[in-house]
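S.K.: So that we are looking at the same thing, I have put the structure below in structure tokens.
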Amino acid sequence: MTELLTQVVSLVTHGDIMVATVDNPPVNALSHSVRAGLRDAISALESSDAVRALILVCDGKTFFAGADIREFGKPMREPLLGEVIARLDACTKPIVAAIHGTALGGGLEVALACSYRVAVASARFGLPEVKLGILPGAGGSLRLPRLIGVETALTMISEGKHIGAAEAAHNGLVDAIVESDLTDGALGFARRIIDAGGGIRRASELPIPSFDPALFGAARASLRKRFRGYVAPQKAVDLVEMAVAIPFAEASEREYETCRELLGSPQSKALRHLFAAEREALKIDGLSADAAPRDIRKVAVVGPGTMGRGIAACYLDAGLSVVLIGRSDESLGKAKGAIARIYESALKRGSLSAEEMESRLSRLTLTQFYDDLADVDLAVEAVTEQHDVKAEVFRKLDAALRDDAIIVTNTSFLDIEELASASRRPWNVAGMHFFNPAHVMKLVENVRASHSAPDVLATITALARRLGKTPVMVGRSEGFVANRMLSKRTREAQFLLEEGASPAQIDRVLSGFGFPIGPFALADLAGMDIMAAARAARRPRMSDREKSCNIVDRLVAAGRLGQKTGAGYYRYDEKRMASPDPGTDEILEAHRRDRGIAPREISDDEILERCLYAMINEAAKILEEGAAARPGDIDVIWTSGFGFPPYLGGPMFHADQIGIRTIKEALDRYSALVGREYFQPAPLIERLAAERKGFYG
Ligand code: 3HC
């Protein structure tokens, strides 16, 4: 007979073994009713003389995915997770965690406090708290090192790294892999334990395995480089170092305190905001639940250039078949070679097997003929960024594709509305704007045109997810969201340069703020010819000052194309190490002379404010126009696409922390200094400042 302990936890007794089943969709987070149900299940086990073991199993797609993030910041109702875990640990009869899906955070901590863990082969395990700016708070950093060794546990805790069931079984985290039905397998396992007279096992009582104390220093140094600016990874090392040095009970209290402190930290608030914003971004405005994604199996990619190759690789990686279409055998051959090289380097790194590489390449076909596209479900247009060229490709695709096939354009700046309306199938047209290198960059700006059918929007969202990308739906707007905001930062960086700042100063300020690389080092990496071409494309829409601020063109004229020619804004040695270059100073001085600009000392604050606030002001206009549905979408775009430090939550979240009034006052100041056409506060900023509100209310 099934007994309901709480709304989400039920109990069934099979002879002398009880099974507690949790069903708390969507991810079985350890909300109050789950914690109360677990406590009651433990009490039922302890109070029954007939029952000798308990199995904990979850319905739905996963084992507990952790503490309930929605409860964070609110008063917690008892029993707290720590109490439930202490009860599991203290129990005098064996408890078996039966795991499928992902056992994460508090979910893994529950499993660690059980005597035994069995799992299906596809299960994954992790303590990802660090990604939310916090650390395990319910014994994870104490039990995991005891079970699997200090070094592996430290990596999992400080990087939030997941491991699979095979590795977990190898390192002792999992006691058995279940091939059959999970509950049946767990019952069989528990029966064997009982019959063999096996009793309880407590990870809390295991000795700390031996380890090299130098590993903490090495981890700190490596994490400092890889997670620059993040607080929690460094704290994770302190926590584990402490946890293995002092008695369990004392360490347990300190672990809880550390977690609580971090929960109130600005970084954790920012990272938790992004966690929610990323999921919110998948909810597309005006899309009803019946807009089901279409089935996409075969894709055409038109244009074998840099973007086309990267995009083709993304689809191959996700298991789809790709027809790459180009204008010559030579360009197609080069593209195939480039895609093969991506896989060869993955093979060398050990992140791809030879069979998988072969399978991916075998799904790639090359053609020059649109007639070969009759059976594709979706075509990606990724040709040169020129309207006439793209319109011609659209015409050919229209003629060659099935009527129900979707066309997506990868345009960065062109008007998708115009391209769509010239097509026979405007409802089957949308944008999927990838970023270079497409097979690496997470962000995809999905673009809705006014006629895009709801199921087309649902399809491109699901498809981008299938490619492992972070999709954000945006509307019609020149440069969409990411590039449109970036162009304002680029403009200010150039203006600051001609007013007297150096590339090194501006790069130092912006990378000090948290961007992974400064704009000038990035330009040198991308190539000055690329920057000059982007500038030429924007020229018709530039102000007179922007046109005259032609430092990029001067560098190109001097043959300084960036890293590839050994000099751009910086000079590069054979190891591609950058150093400031007197040659650049001369070009800048000549430019200022020709423009009649007397250079001045510019403060770091001015550099940061002008670069950042120009972006935020543009974002406010984007929001007002509806080109982004909500501020969270802009935060996701900038943190996943353009390196805005996630621990600051994205430009909109960060703007609210600064205060919109402060930003408005600075915009007014820079309007007077630089020009109203550049810094006039957006009406939304004016309104929010007057109402003393933020983008998030
Ligand atoms: N609490 C509350 N809700 C959660 C949640 C959690 N821990 N994890 C996920 N959700 C919600 C999501 O917000 C989303 O809600 P929505 O449908 O309303 O948008 C829904 O569950 C589905 O999530 P995903 O879209 O992410 O589903 P996926 O299938 O892609 O991924 C997952 C599932 C791998 C479990 C992923 O959601 C995930 O990584 N979750 C976070 C896990 C985590 O960080 N756990 C640690 C929590 S902190 C902790 O445990 C502290 C402890 O040490 C004391």
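All of the numbers you see were taken from the coordinates with simple rules; none came from a lab. Computed from a predicted structure; not experimentally measured. For neighbour counting, all protein chains shown are included, and Cβ atoms are generated from backbone atoms with ideal geometry for every residue, glycine included.
S.K.: Using only the alpha carbons of the range 176-329, what is the convex hull's orientation-averaged projected area in square nanometres? Intermediate values should be presented prior to the final figure.
M.R.: Working: hull surface 74.9 nm².
Average of the hull's projected areas for the range 176-329 equals 18.7 nm².
S.K.: Determine by what factor the alpha-carbon radius of gyration of the range 3-263 differs from 2.2 N^0.38 Å, reporting the quotient.
M.R.: On the way: Rg = 17.5 Å, N = 261, 2.2 N^0.38 = 18.2 Å.
Compactness ratio reported: 0.96.
S.K.: Let me ask something else. If you count, for each residue, the other Cβ atoms within 10 Å and average over each peptide, how do 318-325, 263-270 line up from highest to lowest?
M.R.: Top of the packing list down: 318-325, 263-270.
S.K.: Tell me the chymotrypsin sites (Phe, Trp or Tyr not before Pro) within the range 464-540 that lie in a loop according to DSSP and have at most 11 other beta-carbon atoms within 10 Å. Intermediate results must be reported in sequence, preceding the final value.
M.R.: Details: sites: 480, 495, 513, 520; in loops: 480.
In loop regions of the range 464-540 (DSSP not H, G, I, E or B), there are no sparsely surrounded chymotrypsin sites (Phe, Trp or Tyr not before Pro).
S.K.: Follow-up. Over the C-alpha atoms of the chain, what are the Rg and the largest Cα-to-Cα span, Dmax, in Å?
M.R.: 28.4, 93
S.K.: Assuming a strict under-28 Å limit between Cα atoms, what lysine pair count do you get for the range 298-474 once near-sequence pairs (fewer than 8 apart, same chain) are dropped?
M.R.: Close lysine pairs under the 28 Å cut-off: 21.
S.K.: Another one. For the pair residue 295 and residue 388, what calculated FRET efficiency results from E = 1/(1 + (r/R0)^6), where r is the Cβ-Cβ distance and R0 = 30 Å, to the nearest 0.05?
M.R.: Approximately 0.35, to the nearest 0.05.
S.K.: Now a separate question. Quick one: dipole size for the chain, taken about the Cα centre, charges +1 on Lys/Arg Cβ and -1 on Asp/Glu Cβ, in debye to the nearest 20. Present the calculation step by step, with values, prior to reporting the outcome.
M.R.: Numbers: 86 positive and 92 negative charges, 171 e Å.
Roughly 820 debye, rounded to the nearest 20.
S.K.: Moving on to the next point. For q = 0.20 Å⁻¹, what log10 I(q)/I(0) does the range 498-654 give under the Debye formula with an equal point scatterer on each alpha carbon and no solvent?
M.R.: Log10 of I(q)/I(0), two decimals: -1.42.
S.K.: Separate question: First obtain the Kirkwood hydrodynamic radius of the range 1-123 from its Cα pairs, then insert it into the Stokes-Einstein equation at 37 °C and 0.692 mPa s, and state the resulting D in µm² per second as a whole number. Mind dumping the intermediate values first?
M.R.: On the way: Rh = 14.1 Å.
D, rounded to a whole number, is 232 µm²/s.
S.K.: Please report, in debye to the nearest 20, how large the charge dipole of the range 185-235 is about its Cα centre when each Lys and Arg carries +1 at its beta carbon and each Asp and Glu carries -1 there.
M.R.: Working: 10 positive and 3 negative charges, 88 e Å.
So the magnitude is around 420 debye.
S.K.: Which of the peptides 397-409, 124-136 is most tightly packed, and how do the rest follow, going by the mean number of other Cβ atoms within 10 Å of each residue?
M.R.: 124-136, 397-409
S.K.: I need two numbers for the range 49-112: Rg to one decimal and Dmax as a whole number, Cα atoms only, in Å.
M.R.: Calculated on Cα positions, Rg and Dmax stand at 13.0, 42 Å.
S.K.: Compute the normalised compactness of the range 191-258: alpha-carbon radius of gyration over 2.2 N^0.38 Å, N being the residue count. Intermediate results must be reported in sequence, preceding the final value.
M.R.: Numbers: Rg = 16.9 Å, N = 68, 2.2 N^0.38 = 10.9 Å.
Relative to the rule-of-thumb radius for its length, the range 191-258 sits at 1.54.
S.K.: Straight-line reach from residue 235: which aspartates and glutamates have Cα under 16 Å away, leaving out those fewer than 8 places along the same chain?
M.R.: Correct list for residue 235: 129, 151, 159, 253, 255, 257, 261.
S.K.: Another one. Rounded to two decimals, what is Rg over Rh for the range 245-313 when you use alpha-carbon atoms and the Kirkwood radius?
M.R.: 1.31
S.K.: A further question on this structure: Ranked highest first by average number of other Cβ atoms within 10 Å, how do 290-301, 151-162 line up?
M.R.: 151-162, 290-301
S.K.: Let me ask another. May I ask for the Kirkwood hydrodynamic radius of the range 478-580, worked out over all distinct Cα pairs and given in angstroms to one decimal?
M.R.: 14.1
S.K.: Compute the Rg/Rh shape ratio of the range 372-531: radius of gyration over Kirkwood radius, all on alpha-carbon atoms.
M.R.: 1.05
S.K.: Rounded to the nearest 0.05, what FRET efficiency is calculated for residue 231 and residue 279 with R0 set to 22 Å and r the Cβ-Cβ distance?
M.R.: It comes out at approximately 0.40.
S.K.: Also, I was wondering about something else. Using the eigenvalues of the Cα gyration tensor, what equivalent ellipsoid semi-axes result for the range 292-377 when each is taken as the square root of five times the eigenvalue, whole Å, largest first?
M.R.: 21, 17, 10
S.K.: Right, something else. Based on the Cβ-Cβ distance of residue 265 and residue 687, what FRET efficiency does E = 1/(1 + (r/R0)^6) give at R0 = 35 Å, to the nearest 0.05? Write down the numbers at each step before the final one.
M.R.: Numbers: r = 31 Å, r/R0 = 0.88.
Computed FRET efficiency for residue 265 and residue 687 comes out at 0.70.
S.K.: Please report, in Å, the Rg and the Dmax of the range 298-474, where both are computed over Cα atoms only.
M.R.: Rg then Dmax for the range 298-474, in Å: 15.2, 46.
S.K.: What angle, in degrees between 0 and 90 and rounded to the nearest 10, separates the Cα long axis of helix 660-674 from the longest principal axis of the Cα atoms of the chain?
M.R.: Long axis of 660-674 versus the principal axis of the chain: about 20 degrees.
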